[in-house]
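Okay, so here's the structure we're looking at.
The values are calculated or read from the model by the stated rules, or taken from the named source; none is laboratory data. Just so it is clear, the model here is predicted, and its values are computed rather than measured. Backbone-built Cβ (ideal geometry, glycine too); neighbour counts: all protein chains shown.
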Amino acid sequence: AGLVNNLNDGMSWGLFPLFFVANGLGVERIGILKAVYPAVWGILQVATGPLSDRWGRKGLIVAGMWVQAAGLLLTAMTRDFGWWLLASLLLGLGTAMVYPSLIAAVSDASHPSWRARSLSVYRFWRDLGYAIGALSAGLIADFFGFAAAIAAIAALTFLSGAIVAVLMRETHAAARSP
């Protein structure tokens with residue numbers, strides 16, 4: 001899920017400006033759309049991190065991946081600044097739900113004697129998503145167009161959330177107790 005989360009980000013930095021230009025937006029509006037996503041993410045993760053300590057990690061990860069997928073699909077399927085602004089808000093919200101919850105889940109599952117090593121491995125795979133997102137979205141866009149590439153990443157993001165929903169065990173002790 002971490003790799004896919006950052007795959008979204010890598011795709012958005014590479015593809016979104018080109019997609020928006022191709023649909024008639026100017027630099028100012030593209031800048032607004034690109035700024036809203038990380039601003040919402042950065043601000044809201046201050047709240048969603050503590051929420052994962054109260055509610056648990058899994059639900060926020062699953063819901064966050066699905067909110068991201070909805071934002072991506074909305075971006076791909078619409079051609080209106082207002083809808084794209086809403087999609088950017090959704091991407092920021094979903095990422096804010098996922099980002100602190102994933103790293104907390106890895107930390108929960110790691111013994112203190114090897115926690116730093118496990119977080120390093122997690123961060124490697126998570127951050128590899130930036131490159132994979134930019135490259136894969138670019139290849140899909142070359143063959144099928146921008147909207148298809150964004151929709152494909154949306155589908156992958158939704159699938160990642162579904163896999164977490166089915167396979168992940170809750171790692172936060174307070175969320176597991178009755």
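Table for the structure above
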| read-out | value |
| --- | --- |
| Given (1) assigned to a helix (DSSP H, G or I); (2) of a type in the set (V, I, T); (3) surrounded by 19 or more Cβ atoms within 10 Å (Cβ to Cβ), number of the condition T171 does not satisfy | (1) |
| Only one of A104, A137, A109 that is in contact (Cβ under 8 Å) with a residue 60 or more places away in the chain, over 15 Å from A1 (Cβ atoms) and small (G, A, S) | A137 |
| Some residue of segment 102-113 being assigned to a helix (DSSP H, G or I), surrounded by 21 or more Cβ atoms within 10 Å (Cβ to Cβ) and at pLDDT 95 or above | yes |
| Conditions (1) part of a helix (DSSP H, G or I); (2) under 26 Å from L135 (Cβ atoms); (3) not aromatic (F, W, Y): number failed by L25 | (1) |
| Any pair with Cβ under 7 angstrom, 6 or more apart, that starts in segment 149-174 at a residue that is within 18 Å of G10 (Cβ to Cβ) and of a type in the set (A, V, I, L, M) and ends at one that is surrounded by 15 or more Cβ atoms within 10 Å (Cβ to Cβ) and at pLDDT below 95 | I153/N8 |
